[in-house]
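Participant: Could you have a look at this structure, given as structure tokens, before my questions?
The values are calculated or read from the model by the stated rules, or taken from the named source; none is laboratory data. Because the structure is predicted, anything quoted here is derived from the model rather than measured. Here the Cβ positions follow ideal geometry from the backbone for every residue, glycine too, while neighbour counts run over all protein chains shown.
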Amino acid sequence: MNSALAVTLQLPAEEDTLALGSALSRGIEPGALLFLQGDLGCGKTTLVRGLMRGLGFEGRVKSPTFALVEAYELSRLSLYHFDLYRFEDAQELRDSGLLENFESDAVCIVEWPEKASGSLPVADLTVQLSLAVSGGRTAVLEARTPRGAHWLKAARLC
């Protein structure tokens, strides 16, 4: 799918990033793949925290930077939150055994997908987060598949 659906949002405060994550919890389906891109400290894990809250998860949502992946079993789906920042190249990812998680019906959320250099399936949705000149953050959401377009619509973001 050639990105037929893209949305740009301004997120003035952390609460807005959490709210975006919560909105993305609407319409999420088993097997969905979400890529989160952006520099360190731009709010990727905060967005995931909001998404998890929207799914009803009340536990601690932490960055998987050191664990590489955090797994969550929710009532209606399984979710894996990956952080590929520490990988030097795609071969390290292939050697890690983590790719088998993408073959399940679990929702997979990947921070730093560019470290995988084409080893991952096509994301349904990408979210590019950046620090805004005026303060806060800017989020560019882009549907990459029909499932991603449905997801954006179900989240009421377009």
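Participant: I'm told Thr126 meets every condition in (1) touching an Asp or Glu at 6+ places or on another chain (Cβ under 6 Å); (2) β-branched (Val, Ile, Thr); (3) part of a loop (DSSP other than H, G, I, E, B) except one. Can you identify the failing condition by its number?
Facilitator: (3) is the only condition that Thr126 fails.
Participant: Can I ask one more? When you scan the stretch 115-129, do you find a residue that is charged (D, E, K, R), more than 13 Å from the chain's Cα centre (by Cα), at pLDDT below 95 and at negative phi, even just one?
Facilitator: yes
Participant: Within the stretch 129-149, how many residues are in a strand (DSSP E or B) and closer than 11 Å to Gln10 by Cα?
Facilitator: Summing the residues that are in a strand (DSSP E or B) and closer than 11 Å to Gln10 by Cα in the stretch 129-149 gives 7.
Participant: Which residues, taken from the stretch 38-93, are among the β-branched types (Val, Ile, Thr) and surrounded by 21 or more Cβ atoms within 10 Å (Cβ to Cβ)?
Facilitator: Thr45, Thr46, Val48
Participant: How many residues, within the stretch 99-113, are over 18 Å from Leu24 (Cα atoms) and either modelled with pLDDT under 90 or touching an Asp or Glu at 6+ places or on another chain (Cβ under 8 Å) (or both)?
Facilitator: First, pick out the residues of the stretch 99-113 that are over 18 Å from Leu24 (Cα atoms): 99-104, 112-113.
Those still in the list that are either modelled with pLDDT under 90 or touching an Asp or Glu at 6+ places or on another chain (Cβ under 8 Å) (or both) too: 99-104, 112.
Adding up the residues that qualify gives 7.
Participant: For a quick check of your reading of the model, give me the residue pairs whose first member lies in the stretch 20-34 and is within 23 Å of Gln10 (Cα to Cα), whose second is of a type in the set (Val, Ile, Thr) and assigned to a helix (DSSP H, G or I), with beta-carbon atoms closer than 9 Å and at least 6 apart or on different chains.
Facilitator: These pairs meet every condition: Gly21/Thr46; Gly21/Val48; Leu34/Val48.
Participant: Since Gln128 meets every condition but one in (1) exposed (fewer than 15 other Cβ atoms within 10 Å of the Cβ); (2) within 20 Å of Trp151 (Cα to Cα); (3) touching a strand residue (DSSP E or B) at 6+ places or on another chain (Cβ under 6 Å), which condition does it not meet?
Facilitator: (1)
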